[in-house]
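Undergrad: After the structure tokens below, expect a handful of questions from me.
The values are calculated or read from the model by the stated rules, or taken from the named source; none is laboratory data. Not measured: the values here are computed from a predicted model. Heads up, the Cβs are rebuilt from the backbone with ideal geometry, glycines too, and the neighbour counts pull from every protein chain shown.
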Amino acid sequence: MLLNTIDDTVVYVPRAERISFDLLVRYRFGEDRGPTLLKNLTCGGARVEGIEGLRCGDKVTLCLPSLAPKDATVVWLMGQSAGLEFDRPLHPDIFEELVLRHASQRERSETDRLTQINNRYDREESENLPH
């Protein structure tokens, strides 16, 4: 989402928290098929790297783990990175499962611990600890 400020500059404001990934996934773009690197994910879209020849408005299909192929539209480009908006958002439970199984591991801050997804991490970690 873009927001105009008082001095007429444009500032990018993310619509949803992005969860970091470094996951190789498959894509389809026209007749091209191959691997691409999933860099972050929300219920509504993703950032990928390494798909040649994209333009804004192009249709891409991503093959995320354990899901049917997801159709998406290219909404921004910067170098080798592309922002994709899913035609149909991921269900929050499916998104949470992808995060739990495939998201990049990093040290969580106190702010992260307030989110529902990270609370589930904490529950699962405590369930796996010996009592």
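Undergrad: Of everything in segment 30-61 that's among the small types (Gly, Ala, Ser) and either closer than 18 Å to Arg101 by Cβ or not in a loop (DSSP other than H, G, I, E, B) (or both), which residue is farthest from the chain's Cα centre (by Cα)? Let's see the steps before the verdict.
TA: Just the residues of segment 30-61 that are among the small types (Gly, Ala, Ser), to begin with: 30, 34, 44-46, 50, 53, 57.
So of that shortlist, the ones also either closer than 18 Å to Arg101 by Cβ or not in a loop (DSSP other than H, G, I, E, B) (or both) come out as 34, 45-46.
Working: Gly34: 18, Gly45: 6, Ala46: 3 Å.
In this case the residue turns out to be Gly34.
Undergrad: Any residue at all in segment 62-71 that is farther than 20 Å from Arg88 by Cα, modelled with pLDDT of 90 or more and part of a strand (DSSP E or B)?
TA: no
Undergrad: I would also like to ask the following. In segment 87-108, which residue that is in contact with a Pro (Cβ under 9 Å, 6 or more places away or on another chain) and crowded, with 17+ Cβ neighbours inside 10 Å is modelled with the lowest pLDDT? It would help to see each step written out before you state the result.
TA: Taking segment 87-108 and keeping what is in contact with a Pro (Cβ under 9 Å, 6 or more places away or on another chain), we get 95, 98, 101-102.
Of the ones still in play, those that are also crowded, with 17+ Cβ neighbours inside 10 Å are 95, 98, 102.
On the way: Phe95: 91, Leu98: 91, His102: 86.
Only one residue tops the list, namely His102.
Undergrad: Additional query: Going residue by residue through segment 22-37, is there one that turns out to be surrounded by 11 or more Cβ atoms within 10 Å (Cβ to Cβ), aromatic (Phe, Trp, Tyr) and at pLDDT 95 or above?
TA: Yes, the conditions are met somewhere in segment 22-37.
Undergrad: Next question, about the same structure. Failed condition for Ile117, given (1) among the β-branched types (Val, Ile, Thr); (2) in contact with a helix residue (DSSP H, G or I) (Cβ under 7 Å, 6 or more places away or on another chain); (3) at pLDDT 95 or above, with all others met?
TA: (3)
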